[in-house]
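The values are calculated or read from the model by the stated rules, or taken from the named source; none is laboratory data. Everything numeric in this text was worked out from a predicted model, so none of it was measured. Here the Cβ positions follow ideal geometry from the backbone for every residue, glycine too, while neighbour counts run over all protein chains shown.
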Amino acid sequence: MALELIDQEVLLRSAFNGNRRELSRLLTHLEKGMKLNLPENAPPRKSTVLGITGPPGVGKSTLIGRIINYWKERNQNVAVLAIDPSSPRSGGALLGDRVRMDSADSGDLVFVRSLSTGGHPGGISSSLISMIDLLSYCGWENIVIETVGSGQSEIKIVAFADKILLVDGPDRGDIIQAEKAGIIELADIVVINKSDLPGSTNAAESIRSSLSFGDVKSSPEVILVSAQKNEGIEEMMNLVENCHTPDWRERIKLKERLISLWDSRLLSSPEFNRIIGDLQTGSISLDDALDELAR
Amino acid sequence: MKIVMAKPGLDGHDRGAKVIARSLRDGGHEVVYTGLRRTPEEISRIVMDEDAKALGLSTLSGAHDVLVPRICELLRETGMGHVMVFLGGIIPERDHESMLSNGVRAIFGPGSRTDEILLFLDEASSRVDSGAPIGVVGEDGWHWN
């Protein structure tokens, strides 16, 4: 353990000074659950974390490719953490987000890391926070986290972002699913991608009108873009930079983060499996189990 | 094992690479696929950013004798000599020796079975566990075939 700490200090100093290779190695350690120990005089986090979520196939990775270019043109750097689920059967994962981010592999201003959700008994959220802190400490101004938004666990990941984009395509109706899952309450901006295809204007309209039943002032902006044709990206980024997250949404986000970390602590408790065993044999009740875990 | 599967150079066919990526996933590996037409510089950078332990290269264009040595060299130059490189696609028999001497640890041509590739990765893992080199630097002479 002591060895590990010394190792981390050396890696950290080197990563802080711009060594990409050591940054990447540190990220692996954090992914595996190592605790991040930033120096005590480390400045508070400066980077903005943009969360991007939405159903599979709506063009999230292509859109991120454009966002990378937007920042690159302004001489700002960007680090992307692309999170994909791993196969429950084999535990393996196929991480293909890079394929559509054609701007991702060039230049020192861009860093892209693919992460799989597998191999973390308590979910990825606790290591994700350390990874964001590390990237920020090492001078990455913009950080993007990408998740496939199709369920509760993905909401919990994206809730760690400062600003959240929910991406959908024309004529998908998936936004209804998003509403069910509660993602739409977290979104600062709803992006309808593939605006070059028929049906996109209708999709945007129907989302706008369903949002208008709520409090109009604090409901998310809905914007049409075409990532493939590079249309509407500037407008979208202007919205991202100027949008203000209302207090109630900030609260939901904090709530999701808390639940996520609580879950993670519960699932990685060394007693967890034993207690399930005890429940199965009937030697303790559910209430007893809760008390024991909360201790 | 975290593995990057890459298509270097001007070769637009990636059915093979995708089949391999998929079967490695089913074998429990974490596979990052790069997509088509990556330069050696891009590939070595992806391997670095992903902190991958192995790099699978698929090439059908005949340019392997230029691309593969360049990629291996870049890995060594950027402090990633521990990364294991394996190769697939159309690699004529007469080029095998020069590929292996550049640091490649295995070559899988047409007709290779995916479970053989998984066996190869298993052996590589156990070599790592016992402290033996698998990367592009080792001059230990170990290769799969």
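Within region B:59-90, the set of residues being among the small types (Gly, Ala, Ser) and away from chain A (no Cβ under 14 Å) comprises B:SER61, B:GLY62, B:ALA63, B:GLY88, B:GLY89. The lone criterion from (1) touching a residue at least 60 places away in the same chain (Cβ under 8 Å); (2) of a type in the set (Ser, Thr, Tyr); (3) farther than 26 Å from A:LYS60 by Cβ left unmet by A:SER283 is number (1). Taken over region A:167-206, the criterion of being at pLDDT 80 or above, assigned to a helix (DSSP H, G or I) and not hydroxyl-bearing (Ser, Thr, Tyr) is satisfied by A:LEU186, A:ASN202, A:ALA203, A:ALA204, A:GLU205. Scanning region B:18-37 for residues that are at the interface with chain A (Cβ under 7 Å from one of its Cβ atoms) and either acidic (Asp, Glu) or not in a helix (DSSP H, G or I) (or both) turns up B:ASP26, B:GLY27, B:GLY28, B:HIS29, B:GLU30, B:VAL31, B:VAL32, B:TYR33, B:THR34, B:GLY35. Only one of (1) surrounded by fewer than 24 Cβ atoms within 10 Å (Cβ to Cβ); (2) closer than 29 Å to A:ASP108 by Cβ; (3) touching a Pro at 6+ places or on another chain (Cβ under 9 Å); (4) more than 14 Å from chain A (Cβ to nearest Cβ) is not met by B:LEU10, so which one is it? So B:LEU10 meets the others, but not (3).
Quick check on region A:105-117: of everything there that is modelled with pLDDT under 85 and touching a strand residue (DSSP E or B) at 6+ places or on another chain (Cβ under 9 Å), which residue is nearest to the other protein chains (Cβ to nearest Cβ)? Residue satisfying both the conditions and the ranking: A:ASP105.
If you take just the strands (runs of 3 or more DSSP E) that sit entirely in region A:45-104, which of them hold at least 3 residues that are more than 10 Å from chain B (Cβ to nearest Cβ) and of a type outside the set (Phe, Trp, Tyr)?
Working: elements: A:48-54, A:78-84, A:93-95.
Once the strands (runs of 3 or more DSSP E) in region A:45-104 are filtered for at least 3 residues that are more than 10 Å from chain B (Cβ to nearest Cβ) and of a type outside the set (Phe, Trp, Tyr), what remains is A:48-54, A:78-84.
Condition check for B:VAL68 on (1) surrounded by 17 or more Cβ atoms within 10 Å (Cβ to Cβ); (2) modelled with pLDDT under 95: one failure, at (2).
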